Amino acid sequence: MKEYILSGARVYLGGTFHRADVHVQNGRFAAIAKNLAVPAGVPVISCTSYYIFPGLTDVHVHLREPGFSYKATVKSETAAAARGGYTTVCAMPNLKPAPDAPETLEAELSVIRRDASVHVLPYGTITAGRAGEKLSDMEGLAPLVFGYSDDGSGVQSESLMEEALRRAKALRKPVCAHCEVGSPDGAIHDGEYAAAHGIPGISSESEWEMIRRDIELVRRTGAQYHVCHISTKESVAIIREAKREGLPVTCETAPHYLVFTDASLKDDGAFRMNPPIRAERDREALIESILDGTIDMIATDHAPHSAEEKSGGLRSSVMGVVGLETALSVMYTEFVRPGLITKRRLMALLHDNAKRIFGIGTDIEVGAPADFTVFDPNPLAPVNTADFRSAGKSSPFAGRGVFGRVMLTAVEGDIVWSETDFVPKSML
């Protein structure tokens, strides 16, 4: 393991920022204090203009292996995570084979062990093959997975979902639900843009009706239930009320739902995802729920596809966009710099709440694994997808000016990303 000191940074410690030096040794935080003595021969990285954040956590990403390596690989997408400041990601089970039993999960685990450069926590499926007909081997998967999801497909059977929640509660695992009634037969939000351009729409009801159903099931079962990528005003209201009741319900949204509306759409596959970018009323409700704490986490739903798959515009491109390499800068630019949220709230959305709710991720404290990111808040530059480490290049933020960049990311002290010339070559 490398030993080094990061000097003079503004370090996120226990919910607040402090000027300090950080000594990393043997994969852990060895000391955190002002004006640390530098042992002979230990390199020092000057960070006086930068922040040191705990490594970010994303509970909703797609890594595409096994089964879809023509889109991306565990190696390429964990490299993208590192460039974006993430040290822990939870990998969705839209794979082939679908991880619905220990035997099918092993194909994914073997690739993760071989190629991942950040911590990867896999999901198991809720249903066998994500087909929605019978439950997966939830008990067999439990020691090996973060939680259960059929992401990309809502579990249509109420009785099957209720049984899944009961079993998940007994196993002390979360169910993380893609909420959608039926399967999408539209391309974008069923709003003004869809009507004006004759494009089939996806209704808001398809999302919030299933959330409402599932929350009733949570009332019956008491299971830990997390709603993926909420996008509508009604979803926010339903989840806010469930939290007021004290139900074990949490949720996430993604940066593109907070920044864009259907009035922002371009006939470009980079604007096609499921759920779709919604109307201004929905965006305003999501922002309000970021401010009042209804939304617990920012997740990216990072979903790389091949260039060909994303070349069909709004009508025929496959669903999904990438986000790991833009989320931190976008949230910093759109919400922290204008004063809508504090940097502490940003850390809650990108790290603290995942640790508090799910017990994943690492804080910056002496003795803890040295998972962290160094962030420069100052540079302004357009998002250049050609620079992405992700194999997927389709992003609605392409060309948009954002402040900030990740200078370095470390996992258990090992530097897994650094900007050119920021770190002495002898350390890499």
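Rounded to two decimals, what is the ratio between the C-alpha radius of gyration of the range 223-299 and 2.2 N^0.38 Å?
Working: Rg = 12.7 Å, N = 77, 2.2 N^0.38 = 11.5 Å.
Here the answer is 1.11, to two decimals.
Where nothing but the Cβ of Lys and Arg (+1) and of Asp and Glu (-1) is charged, how large is the charge dipole of the range 110-253 around its Cα centre, in debye to the nearest 20? All intermediate terms of the calculation are to be shown ahead of the outcome.
Values: 17 positive and 22 negative charges, 162 e Å.
In total the dipole reaches around 780 debye.
Straight-distance candidates among the aspartates and glutamates for linking to Lys425, with alpha-carbon spacing under 15 Å and chain neighbours fewer than 8 residues away dropped: Glu3, Asp414.
Within the shell defined by Cβ-Cβ distances under 13 Å, the residues around Leu95 carry a net charge of -3, with Lys and Arg each +1 and Asp and Glu each -1.
Could you tell me how many cubic angstrom of Cα convex hull volume the range 311-413 has per residue?
On the way: hull volume 15.1 nm³, N = 103.
Value for the range 311-413: 147 Å³ per residue.
What is the sum of charges around Pro248, taking Lys and Arg as +1, Asp and Glu as -1, for the other residues whose C-beta is under 11 Å from the C-beta of Pro248? With Lys, Arg at +1 and Asp, Glu at -1, the neighbours total +2.
If you average over every viewing direction, what projected area does the convex hull of the Cα atoms of the range 55-358 give, in nm²? Let's see the in-between values first.
Details: hull surface 55.5 nm².
Value for the range 55-358: 13.9 nm².
Loop-located GluC sites (Glu not before Pro) across the range 87-143 with a Cβ neighbour count of 16 or fewer within 10 Å are Glu133, with loop assigned by DSSP. For the range 225-381, the alpha carbon positions stretch 50, 40, 29 Å along the principal axes, listed from largest to smallest. Listed by chain and number, the lysines placed with their C-alpha closer than 27 angstrom to that of Lys310 are Lys71, Lys75, Lys96, Lys266, Lys393; residues fewer than eight positions away on the same chain are left out.
Counting DSSP beta bridges in the range 55-358, what percent are antiparallel, to the nearest 5? Before the final figure, lay out each step's value.
Details: 1 of 22 bridges.
Here the antiparallel bridges make up roughly 5 percent for the range 55-358.
The HN-Hα couplings worked out from phi for the range 100-111 by the Karplus form 6.51 cos²θ - 1.76 cosθ + 1.60 (θ = phi - 60°) are 10, 6, x, 5, 6, 5, 4, 4, 6, 4, 5, 5 Hz, whole numbers, x standing for Gly and Pro. Partner lysines whose Cα lies under 18 Å from the Cα of Lys233, excluding those fewer than 8 positions away in the same chain, are identified as Lys243. The Cβ shell under 12 Å around Leu141 holds other residues with a net charge of -4, Lys and Arg each +1, Asp and Glu each -1.
Computed from the coordinates by the stated procedures, all read-outs in this text should not be read as laboratory data. Not measured: the values here are computed from a predicted model. Counting neighbours? That spans all protein chains shown, and the Cβs are built from the backbone with ideal geometry, glycine included.
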